[in-house]
Every structure is written in C-alpha cells, then in structure tokens.
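Report on the following structure.
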Amino acid sequence: MTPILGIVASSYGKFTPKSIAGLKAWYDASDTATISLSGSAVTQWNDKSANAFNLTQGTALRRPQSGVNTLNSLNVITFDGNDLLQAATASD
C-alpha cells in the first residue's frame, strides 16, 4: 500500500507536491478554495493532485474545523482527536 502524502503550503520557490513522483494525494489547508464548510466545520477537503481522492465527513460531530486557527498566517485544519475525514475511494 502506498502512503498518502499531505502537505501544508510552502513558500520555498516553485516547488509543489505535484513534482513528487508517484504522488497519490495533496491536501493544502492554506488553499481554502479546496475546502467545503458548514459554518467552520469541514464537510469536504479536495485533493489537489490529479487523482481526486477528496476527503469527506457526513457526520457533523466528527468534522474538523477550518478558519479557526492559523500557522505562519496560513489556514490550518484543526482536528480534536474525534474528528475524521475519509477518502471516497481507496487505491494502492
């Protein structure tokens, strides 16, 4: 099984995770256009790779928060230990 790689945005030149050979998924919390919300709760987080391994959570009490915290002035997704986002499909 190939691990999924999640990357928070970087300000190091022209590098993007898309340049990584074999990239399966790329989640970028600083790109708020990839995050669907109900209030501040994340209902879907879209994969920025070409593979469309979007993450979702249908149960309101298990949704992480977005727009509540930042790191280096960039948005982060905040999980409380009970939150979970699931990929719609699984593949090696």
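Taking the Cβ of I35 as the center, what net charge do the other residues with Cβ under 14 Å away carry, scoring Lys and Arg +1 and Asp and Glu -1?
Working: positive: K48, R63; negative: D28, D31, D47, D83.
Net local charge, I35 excluded: -2.
How big is the shadow of the Cα convex hull of the range 34-92, averaged over all directions, in nm²?
Working: hull surface 18.9 nm².
That works out to 4.7 nm², a quarter of the Cα hull's surface.
How much of D28 can a 1.4 Å solvent probe reach, expressed as accessible area in Å² and rounded to 10?
10
The values are calculated or read from the model by the stated rules, or taken from the named source; none is laboratory data. None of these values were measured; they are calculated from a predicted model. Counting neighbours? That spans all protein chains shown, and the Cβs are built from the backbone with ideal geometry, glycine included. Each accessible area value is taken on the protein alone, full model and side chains, heavy atoms only, with ligands, DNA and RNA left out. Shrake-Rupley method; radii C 1.70, N 1.55, O 1.52, S 1.80 Å.
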